[in-house]
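Asker: Sharing a structure here in structure tokens format.
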Amino acid sequence: MTSTHTERITAHDGGTFDAFCAVPDGGRAPGVLLFQEIFGVNENMRGLAERMADAGYLTLVPDMFWRIEPGFERRDESGIADGVEMVQRLDRELAAADMTSTFAHLLGMPGCTGKVGAVGFCLGGVLTYTCAALARVDGRGLDAAVPYYGSGIHEMLDWADRITCPIMFHYGVADPYIPVEAVAQVAAAFADRPDAIVHRYDAGHAFSNWDAPSLWDKAAADLAWEHTLAFLAEHLH
């Protein structure tokens, strides 16, 4: 049975921050870094972490806003303005360092097999892409990355060559924040990579967030989750 608790992560510059941890039943398991939407580590992210653990992955969800407002949490569309403000205040360089610290912590947990992937949603999609490009622990990077509708990825394609792990992108074709042209740019940048996959769904932005009713699209969310679990199983086991 999946259990949950809070892990305390030590940052590179000496601070500490929380990460929600979901532990699968059955001994050691591959690890997954799960990166939050703009709403923080909320019920949706904790639920996704438990689902990931149910699928057999030791999962950490770090509080990426801890340097601004530790424990920031919003639930649905009513929290968008607050979340956008937090993103605007997020130091991307420090965020990359905090992701690396979380990566190292997960690798050091006794329950981790040593294989680690990352999955992220919205802001977390951009963070997942960043993590795949920049995070290295003793010279090694992620074993797989799955960004969901990361709105800034098409502006970060100069990092594409730094991503050496298999990567799977998820996008909604009706996403008002990510034009289809932007998705095409991402697909083109990874077109020569057989281990890079771009999935498109008849859905809008944040279609996997069941806590935001006007955004959630169950059919798209279920299909994307199926693709994600199959991808992680292929590359982390």
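The values are calculated or read from the model by the stated rules, or taken from the named source; none is laboratory data. Just so you know, these numbers come straight off a predicted model, no measurement behind them. All Cβ positions, even for glycine, are placed from backbone atoms using ideal geometry, and neighbour counts span all protein chains on display. Just so you know, the surface numbers come from the protein's heavy atoms only, side chains and all, with ligands and any DNA or RNA stripped out. Shrake-Rupley method; radii C 1.70, N 1.55, O 1.52, S 1.80 Å.
Asker: Under 1.5 on a/c is rounded, so check that first for segment 145-188, then, if it is not, pick prolate when a/b is larger than b/c and oblate when it is not; a ≥ b ≥ c are the square roots of the alpha carbon gyration tensor eigenvalues.
Answerer: prolate
Asker: Quick check: at a probe of 1.4 Å, how many percent of the accessible area of the chain sits on carbon and sulfur atoms?
Answerer: 51 percent
Asker: Tell me, what is the per residue accessible area of segment 24-85 in Å², probe radius 1.4 Å?
Answerer: Heavy-atom SASA per residue in segment 24-85 reads 37 Å².
Asker: In debye, nearest 20, what is the charge dipole magnitude of segment 92-196 about its Cα centre with +1 on Lys and Arg Cβ and -1 on Asp and Glu Cβ, if you could check?
Answerer: Using only the charged Cβ atoms, the result is roughly 300 debye.
Asker: Relative contact order for segment 76-212: what is it in percent, counting Cα pairs under 8 Å that are at least 6 residues apart?
Answerer: Computed value for segment 76-212: 20 percent relative contact order.
Asker: Which is farthest toward the positive dipole end of the chain among M64, L223, L107, measuring Cα position about the Cα centre, with Cβ charges +1 (Lys, Arg) and -1 (Asp, Glu)?
Answerer: Positive-end residue among those listed: L107.
Asker: List the trypsin sites (Lys or Arg not before Pro) within segment 1-84 that DSSP assigns to loop and that have no more than 15 neighbouring Cβ atoms inside 10 Å.
Answerer: Taking segment 1-84 and a limit of 15 other Cβ atoms within 10 Å, the loop trypsin sites (Lys or Arg not before Pro) found are R28, R75.
Asker: Still on this model: Just to be sure I understand: with springs between alpha-carbon atoms less than 10 Å apart, which residue in S151, S208, S78 has the highest mean-square fluctuation in the Gaussian network model of the chain?
Answerer: S78
Asker: For H237, tell me the accessible area in Å² from a 1.4 Å probe, rounded to the nearest 10.
Answerer: So the heavy atoms of H237 present about 140 Å² to solvent.
Asker: Ok, one more. Of A29, A188, A212, which has the largest mean-square fluctuation in a 10 Å C-alpha GNM of the chain?
Answerer: The residue with the greatest mean-square fluctuation here is A188.
Asker: For the chain, what does the relative contact order come out to in percent, with C-alpha contacts under 8 Å and a separation of six or more?
Answerer: The normalised contact order for the chain reaches 17 percent.
Asker: Which value in deg cm²/dmol, rounded to the nearest 500, describes the helix-derived mean residue ellipticity at 222 nm for the chain, given -39,500 (n - 2.57) per DSSP H run of n ≥ 4 and division by the residue count?
Answerer: -11000 deg cm²/dmol
Asker: In the chain, with Lys and Arg counted as +1 and Asp and Glu as -1 at Cβ, which of these residues, I38, T164, S208, has the Cα nearest the positive end of the dipole, that is, farthest along it?
Answerer: The listed residue farthest towards the positive side: T164.
Asker: Follow-up. Dipole magnitude of the chain about its Cα centre, charges +1 at Lys/Arg Cβ and -1 at Asp/Glu Cβ only, in debye to the nearest 20?
Answerer: 520 debye
Asker: Looking at the chain, what % of its DSSP beta bridges pair antiparallel, to the nearest 5?
Answerer: Among the beta bridges of the chain, antiparallel pairing accounts for roughly 40 percent.
Asker: Among rounded, prolate and oblate, which fits segment 122-237 when a ≥ b ≥ c are the square roots of the eigenvalues of its C-alpha gyration tensor, a/c under 1.5 means rounded, and a/b larger than b/c means prolate?
Answerer: prolate
Asker: Let me ask you something else. Can you tell me, using C-alpha contacts under 8 Å and at least 6 residues apart, the relative contact order of segment 1-125 as a whole percent?
Answerer: Relative contact order of segment 1-125: 34 percent.
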